[in-house]
Structure formats: structure tokens, C-alpha cells
1. Under 5 Å between amide hydrogens, which residues at least 5 positions from Leu113 or on another chain qualify, with H placed 1.01 Å from N in the peptide plane?
2. What is the range 2-88's relative contact order, in percent, from Cα pairs under 8 angstrom and six or more apart in sequence?
3. Suppose R0 equals 35 Å. What FRET efficiency, 1/(1 + (r/R0)^6) with r the Cβ-Cβ distance, do Ala73 and Ala5 give to the nearest 0.05?
4. What share of Cα pairs, in percent, lie more than 20 angstrom apart in the range 2-88?
5. Residue by residue through the range 36-41, what is 3J(HN,Hα) from phi via Karplus (6.51 cos²θ - 1.76 cosθ + 1.60, θ = phi - 60°)? Round to whole Hz and write x for glycine and proline.
6. Express in whole angstrom the spacing between the alpha-carbon centres of the range 150-175 and the range 244-270.
7. Can you put Ile45, Ile75 in order, fewest other beta carbons within 10 Å first?
8. Show me, for the range 77-85, the HN-Hα J-couplings you get by feeding each phi into the Karplus relation (A = 6.51, B = -1.76, C = 1.60, θ = phi - 60°), rounded to Hz, glycine and proline as x.
Amino acid sequence: MAGDAALVARYLEYVQVEKRLAARTVTLYALDLQKLCAFAAQIPIALCQVRNAHVRRWVAQMHSGGRSGRGIALILSGWRGFYAWLGRQALVPSNPVLDVRSPKSPKPVPKALGVDDAVQLADFQSADDPWLEARDAAMVELLYGSGLRVGELVGLDVVASSRAKGWVDLQAAEVHVLGKGAKRRSVPLGRKAVQALQRWLELRGPMGTGPALPVPDSAADGAAALFNGRRGTRLSAHSVWQRLQRRSQLAGTPTPVHPHMLRHSFASHVLQSSGDLRAVQDLLGHANIATTQVYTRLDFQHLAATYDAAHPRARAKSKA
């Protein structure tokens with residue numbers, strides 16, 4: 001309808017000139033409103049006559065057509081802004097999009113390595129100089145062997161102190177971390193992790209008590225850090241990502257590995273072996289067990305793959 005097209009043009013001019021939105025954002029708004037006009041034209045109905053029931057019907061159509069919940073949410077946001085503007089122009093009695101929500105998207109299944117691939121990565125020994133190799137091997141053992149977040153990993157200090165966010169206790173075979181929500185937890189260290197950390201600490205060099213002269217905070221922090229770089233500063237999360245991706249490529253893993261993938265692998269493999277969801281929740285430091293339950297989907301996928309590979313009826317080929 002000509003009147004609708006004029007309203008849309010006025011609104012886009014408003015967001016571009018008065019709200020000064022970026023050109024890319026204005027383009028996305030225009031695409032959202034094209035969809036709105038197309039839906040309204042099917043009835044047909046003028047945009048100012050659209051009601052809540054119409055919007056809900058169109059959301060259902062988009063969802064059944066395969067559009068994701070996130071994509072629908074973005075479209076609704078564009079429509080909501082348009083009708084808010086129409087309301088300020090006294091062109092509609094109420095905003096028909098105001099209480100409409102997009103369908104919930106299913107949580108994606110975390111990406112985890114298979115057991116063989118994870119063990120291959122943990123056992124891999126690169127040709128890097130011994131200092132780097134020992135450090136990176138110890139990081140992999142902590143990420144996969146104890147399920148640490150990368151932020152928890154880089155926050156570890158060599159010894160416990162009032163300033164330490166986390167530390168390792170090799171004698172007790174435990175790692176103590178400060179997790180999300182400033183909650184502390186203790187996680188067991190496996191034999192391989194203890195050995196890797198002992199090797200790293202031998203090559204890392206002494207922690208040092210600090211020189212007599214004042215030093216920058218970064219230098220003092222690097223001296224206390226369990227994992228540091230060649231320049232002595234605490235290793236960053238980004239550096240861990242880079243080192244781990246490089247290591248996984250050298251080790252020949254089927255996909256580039258990032259730190260959280262090793263945490264997912266830790267949770268999935270412990271759950272596969274033990275079936276103890278509550279224990280996995282405690283090890284991961286999840287406040288809500290619903291967060292941990294996503295790993296049961298990984299466990300089911302593992303069982304389904306085992307079934308497909310082993311059961312005669314799963315392997316039977318159709319003769320049709």
C-alpha cells in the first residue's frame with residue numbers, strides 16, 4: 001500500500017537522521033519492515049491496523065518456515081521500534097509487538113572432542129623449545145584434566161596468597177580456582193596433570209621474592225603467575241587460545257581446539273564414564289544443574305553413535 005510505503009520511508013529517515021544510526025543498521029531495519037509489509041499485504045491490512053494476533057501469526061509462520069528464534073527476535077525488535085514511533089505520531093492506539101516474544105532456540109550442544117582425539121592432544125609433544133612445550137602441555141592437562149575455564153587457568157598463581165585468584169597444590173593433587181560469581185572451588189588434579197605441572201615448574205624458573213627497587217605491577221603479577229610468557233608477564237586468555245589452536249593443528253586433531261572445547265570434553269568424558277551428573281556439576285562449578293544437563297545430550301550422542309556402529313539392525317542396509 002502506498003500509505004504504508006510512505007510511513008516506512010519516514011521512519012527510516014527518522015532513524016538515520018535523528019537517531020543517527022549506522023547505515024548498516026538502517027539497512028537491516030529496512031529489510032525487517034519489508035517483511036512486515038509483505039505479511040500485511042497477504043491479508044491485506046494496513047500497517048496501522050495490525051494487531052497483536054497478526055504479529056503472533058506471522059511469528060509462527062517464520063518459525064515453521066525454519067527461521068531461528070534469534071533471527072525472529074531481531075525482526076521483532078525492528079518491528080517494535082517502528083510501532084513505538086507510530087505510537088508517538090498518534091497513528092496507532094497501542095504497540096502490537098510489545099508483548100510478543102520469539103520462540104526459544106534450543107541450546108546448542110557443546111562441541112567436545114572424542115576421547116581418542118582428546119588423549120592424542122594431551123599426549124602430543126611438539127618440537128617447540130622445552131620451555132614452551134612444558135608450559136603448553138601443562139595448560140592442556142589443566143584444561144582437559146580438570147575442566148578449568150580459560151579465565152581460571154590464567155588466573156592461577158604458583159603459590160597461595162591473599163592476592164591469588166587461584167593456585168595449585170601439587171602435594172594434595174588439587175587446583176583451587178576462583179570461578180564465575182567469585183565462587184571458589186577445588187578440583188582434583190590427575191596424575192598426568194601433576195607430572196606436567198612438575199615438569200613446567202622445573203623449567204619455569206623460581207618465582208622470586210621481588211627486587212629491592214619498585215617494579216611495575218605487571219612484573220610482580222607475572223612473577224606470581226603460574227603461566228607466563230617469555231617476557232615474564234602473566235599469560236593472557238587470548239595467548240592461550242592461540243597456543244592451543246596451534247598445538248591442536250600440529251597434533252592433527254580433526255578440528256581446531258579452543259580452551260572451552262577441552263572443558264566440554266572433560267565434562268562429557270567424565271559423565272560418560274561415571275554417569276554422575278551432580279559430581280560433574282561440582283567439578284565444573286555450575287550454580288545450576290540445568291547448565292550441566294546439556295552434557296547429557298552429548299552423552300546420548302555418544303550412545304547413539306555406539307548403537308549405530310554396533311547394532312546389527314542399525315548397520316543393516318535397506319534393499320529398497
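Coordinate-derived values only; no laboratory data. The structure presented is a predicted model; accordingly, all values stated were derived computationally and were not measured. Neighbour counts are summed over all protein chains in view; Cβ atoms, including those assigned to glycine, are modelled from backbone coordinates with ideal geometry.
1. So Leu113 has HN proximity to Ser265.
2. Numbers: 32 pairs, mean separation 26.4, N = 87.
Taking the mean separation of contacting Cα pairs over the length of the range 2-88, I get 30 percent.
3. Details: r = 26 Å, r/R0 = 0.73.
My answer for the efficiency is 0.85.
4. Details: 1185 of 3741 pairs.
Here the long-distance tail beyond 20 Å is 32 percent of all Cα pairs in the range 2-88.
5. 4, 5, 5, 5, 5, 5
6. So the two Cα centres are separated by 22 Å.
7. Details: Ile45 15, Ile75 22.
Fewest-to-most Cβ neighbours within 10 Å comes out as Ile45, Ile75.
8. Values, residue by residue: 4, x, 5, 4, x, 5, 6, 5, 5 Hz.
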